[in-house]
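Read-outs: derived from the displayed coordinates by stated rules, not from any lab. Since the structure is predicted, the reported quantities are computational estimates derived from the model, not experimental observations. Here Cβ is always computed from backbone atoms with ideal geometry, including for glycine, and neighbour counts include all displayed protein chains.
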Amino acid sequence: MESYKGVWIIAEQWEGALKPVSFELLARARGLADKLGEPLSAVLLGYNVRRVARELIYHGADRVYLVDHPSLAQFDPDPCANCLERLVREERPSIIVAAATTSGRTLMPILAARLHTGLTADCTELDIEEETGLLLQTRPAIGGNVMATIKTPCHRPQLATVRPRSCRPSPRDTSRNGEVVAKRYPDEVFASRFKLLGFRKLEEKVGVEEADVVVAAGKGIGSPSNLNWVYELAALLGGAVGASRAVVDLGWLPYPHQVGLSGKTVSPRLYIACGISGAIQHLAGMRGSELVIAINKDPRAQIFKVADLGVVGDLAEILPRLVQRLREFRSDAGGEGA
Amino acid sequence: MRIVVLVKYVPDTDEIKIDPATGTMVREGIPGIINPLDLYAVEEALRLREDYGGETLALSMGPLAAEGALRETLSMGVDRAVLLTDRRFAGSDTWATARALSMAVRHLGDFDLVLCGERATDGETGQVGPEVGAMLGIPVVTYVSRIEEVCPVEGGAGQIRCERLTEEGYQLVETALPALLTVVKEINEPRLPTFRGKLAARRAEIQHLTADDLGLPSGETGLQGSPTRVVKVFYPSLARDTEMVYEPPERAVERILAFLEEHSLT
Ligand SMILES: Cc1cc2nc3c(=O)[nH]c(=O)nc-3n(C[C@H](O)[C@H](O)[C@H](O)COP(=O)(O)OP(=O)(O)OC[C@H]3O[C@@H](n4cnc5c(N)ncnc54)[C@H](O)[C@@H]3O)c2cc1C
Ligand SMILES: Nc1ncnc2c1ncn2[C@@H]1O[C@H](COP(=O)(O)O)[C@@H](O)[C@H]1O
């Protein structure tokens, strides 16, 4: 086990550009590597991504393992898992941290199964245990009502995923140095049992998981036409629109908007809950938000328990006025040449 | 087609209450239910059987009480149910759970598809499905939102084409059978059990399997066979210091704006 050294993150890219979550992973893993006194490496799998590899060094990596191949252009679990497995067996890292995205949550379990090691999903906190140098992985369970700290004492590497937006990305520093190690593998490593036949981009970018601000609609919004105000408010704050399950079940918004136990988990800087009662299953998806504003006409609504600002009132009166006032505010700011 | 659906028995979150004094969860005496997200996998299996014929089998690993979850799948129309139950499975993490489930799937004969829920509402890892697939050495397609076409071939060969829901959009994927799919809520609307289904489910026999039946050595089951260890459990408090605003709309809106400004969010 002593032969396993170093901390890795799995960088994510989309159409050749690095996703911001890569820099969040670097921010988290940098602290772990420093505590251990071991190097931090980023693994970058993709096609025509060589030119962005340096960015990972500027954001905190000491080394980048680059595999650049046409079969890695789109996410395909076969070549990705094959490359990663080869890399791990060659380089023997002690810790690998990936993003809890649809690809990270697919790749990491496959890797854990193949390497026979532990994997902890959706960690909100990662730390190194002083005496042992083991990775301490803290994660919520049962809808965030319980927190558990987990270790992988006797298997390597120690694998963890963390949710996107659960920490700030590391800053860019172009004076940082590091090496880019390009790996070449034989064709069979890139073989796949999958045919990727097409891709249909979401017509509307929902993006609740990545947004800085989420304005979420509950059943208290009253009717689908009132969603306009929610959309406007989200647009004015540069945010995305979320929904409770009740709203999705009514067909007022499609499922990708749903926040909660059976929907998405979000942790934006600001969450505005509009007409949401605050059922425990809903709270499970949003209680990690930095700031919460709740608007509800029922002063006893449970949502107020998790709110920083709780506004008791009728949405039909508050939302249009809020949108109007924000617009005025914007045009004032615009007048100052912003 | 032969389809195995993996279903988990989880605590019913609807019954979980928050202690108003401490803001923590009250867990005592919470009944168990079938993992709600697994109902979508069960429904999809039933629809595939309706379209392509064959057999559906529900498999769960858990305590005896997990029979309840399996009976629910039977009452929806699943043909057979198998419960992996053994004290030796206690304390299994996702690796050990996947190991046992994958051995059980193999034990139960040839199959074309294994269907799983996206994740369980208790552990919420979403790891067991892909781990089972990887251990079985079959293709894994996660976050499936639609099955477009299946071309099953006698003896477990054939192909499946389906769409998976990712952050950026829907990826259309084709792969060989047998395969393992994890499905998202968008895929269908689960049916309710019928009265006759419920009656039949009550009488149906549920096959039990133990670690020995699967030839699993003790080093590979339960806590002993789990690479991870839980070293601490704590209950975070829900509550925040809430500033309540009971003002008429004009004043309430001004307070919201001020709040946004205080936090440089405007
Ligand atoms: C297994 C399981 C999983 C679940 N998963 C999820 C999940 O992922 N996400 C989720 O959200 N839910 C989930 N739920 C459902 C959850 O229990 C609640 O039913 C749901 O969150 C309620 O949505 P809501 O708050 O929009 O509606 P309601 O509970 O109906 O609340 C509406 C609120 O709006 C307020 N209101 C009404 N009119 C106005 C007005 N004019 N102005 C201001 N306020 C007004 C009311 O006071 C009320 O508080 C799940 C349930 C189960 C059993
Ligand atoms: N003990 C279990 N028995 C049967 N299926 C399970 C079990 N645990 C997990 N699964 C399956 O794996 C999926 C993901 O579960 P999890 O990894 O616990 O979030 C579930 O939706 C089930 O389909």
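With 31 Å as the limit, the listed pairs A:Lys305/B:Lys232; A:Lys151/A:Lys219; A:Lys264/A:Lys305; A:Lys151/A:Lys264; A:Lys201/B:Lys232 have A:Lys151/A:Lys219; A:Lys201/B:Lys232 beyond it between alpha carbons.
Distance between the modelled labels on B:Asp110 and A:Asn228, one decimal in nanometres: 6.0 nm (7 Å Cα→Cβ projection).
Between A:His116 and A:Glu129, the contour length at 0.36 nm per residue exceeds the Cα-Cα span by 2.4 nm.
Note that the stretch A:293-305 has calculated 3J(HN,Hα) couplings of 10, 10, 10, 7, 7, 9, x, 9, 4, 4, 4, 5, 5 Hz, one per residue in order, obtained from phi through the Karplus relation 6.51 cos²θ - 1.76 cosθ + 1.60 (θ = phi - 60°); glycine and proline are x.
Sequentially through the stretch A:161-173, phi angles give Karplus couplings (6.51, -1.76, 1.60; θ = phi - 60°) of 10, 10, 6, x, 6, 8, 7, 6, x, 6, x, 8, 9 Hz, Gly and Pro residues having no value and appearing as x. Taking a ≥ b ≥ c as the square roots of the eigenvalues of the alpha carbon gyration tensor, the protein assembly as shown is oblate, as a/c is not under 1.5 and a/b does not beat b/c. Determine the distance separating the Cα centre of the stretch A:176-215 from the Cα centre of the stretch B:183-238; give it in Å without decimals. Each part's Cα centre sits 32 Å from the other's. Take the alpha carbon atoms of the stretch B:63-133, find their center, do the same for the stretch A:309-334, and report the distance between the two centers in whole angstrom. If we compute the Cα centre of each part, the gap is 49 Å.
Shape of the stretch B:2-220 from its Cα gyration tensor (a ≥ b ≥ c, root eigenvalues): rounded if a/c is under 1.5, otherwise prolate when a/b > b/c, or oblate? Here the stretch B:2-220 falls in the rounded category. Which FRET efficiency value, to the nearest 0.05, is calculated for B:Glu50 and B:Arg229 with the Förster distance at 41 angstrom and r the Cβ-Cβ distance? With R0 = 41 Å, the Cβ-Cβ based efficiency is 0.40.
What is chain A by shape, rounded, prolate or oblate, if you read a ≥ b ≥ c off the alpha carbon gyration tensor as root eigenvalues and call it rounded for a/c under 1.5, prolate for a/b larger than b/c, and oblate otherwise? Verdict is prolate for chain A. Across the stretch B:113-122, computed HN-Hα scalar couplings (Karplus, 6.51 cos²θ - 1.76 cosθ + 1.60, θ = phi - 60°) run 9, 10, 10, 10, x, 5, 6, 9, 7, 9 Hz from first to last residue, x flagging Gly and Pro. For a modelled paramagnetic label at B:Asp213, 7 Å from Cα along Cα-to-Cβ, the residues of the stretch B:94-132 in reach, with backbone nitrogen under 13 Å, are B:101, B:103-109. Near B:Thr228: Cβ cut-off under 12 Å, other residues only, Lys/Arg at +1 and Asp/Glu at -1. The net charge is +2.
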